[in-house]
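The values are calculated or read from the model by the stated rules, or taken from the named source; none is laboratory data. Because the structure is predicted, anything quoted here is derived from the model rather than measured. Cβ: placed from backbone, ideal geometry, glycine included. Neighbour counts: every protein chain shown.
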Amino acid sequence: MPSDLAGRRYVVRGRVQGVGFRWYAVTEALRLGVRGWVSNRPDGAVEIVAVAPSETLAQLEAALRRGPPAARVQNFDVADVPQEAVESKSFTVKH
């Protein structure tokens with residue numbers, strides 16, 4: 001794997017479930033070439049784990065902070081994760 005890859009975990013809270021947030025995240029991640037997954041959490045948040053070059057993750061983060069039109073992002077947590085946290089070669093919805 002290229003050494004410039006980074007891993008991030010985002011937890012997005014607010015009005016983020018039932019508004020197309022997961023599919024928005026998939027669209028943005030695939031557009032940017034990010035590997036990883038997105039999932040609704042039982043607590044009402046959406047969790048995203050992504051691996052890509054740091055500058056690409058910055059673009060993804062900006063998109064996630066905006067969210068789709070019907071979403072209202074109220075809280076946004078970011079943490080580094082190891083690249084190995086993502087086994088997928090693509091970006092998927094994790095159920």
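Table for the structure above
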item	result
Residues (in a loop (DSSP other than H, G, I, E, B) and either under 12 Å from Ala29 (Cβ atoms) or in contact with a Lys or Arg (Cβ under 8 Å, 6 or more places away or on another chain) (or both)) located in segment 85-95	Val86, Ser88, Lys89, Ser90
Residues being within 18 Å of Glu84 (Cβ to Cβ), of a type in the set (Lys, Arg) and surrounded by fewer than 17 Cβ atoms within 10 Å (Cβ to Cβ) - total across segment 1-57	1
Whichever residue in segment 52-84 is modelled with pLDDT of 95 or more and in a loop (DSSP other than H, G, I, E, B) and, among such residues, is farthest from Tyr24 (Cα to Cα)	Val81
Scan of segment 1-57 for residues that are over 13 Å from the mean Cα position of the chain (by Cα) and among the β-branched types (Val, Ile, Thr), ordered by number	Val19
Residue among Gln59, Gln74, Gln17 that alone is in contact with a Leu (Cβ under 7 Å, 6 or more places away or on another chain) and either of a type in the set (A, V, I, L, M, F, W, C) or touching a residue at least 24 places away in the same chain (Cβ under 8 Å) (or both)	Gln59
Selection count where residues are exposed (fewer than 12 other Cβ atoms within 10 Å of the Cβ) and more than 13 Å from the chain's Cα centre (by Cα), scope segment 58-86	6
The listed residue being of a type in the set (Gly, Ala, Ser) and free of Cβ contacts under 8 Å to residues at least 40 places away in the same chain, out of Gly67, Gly33	Gly33
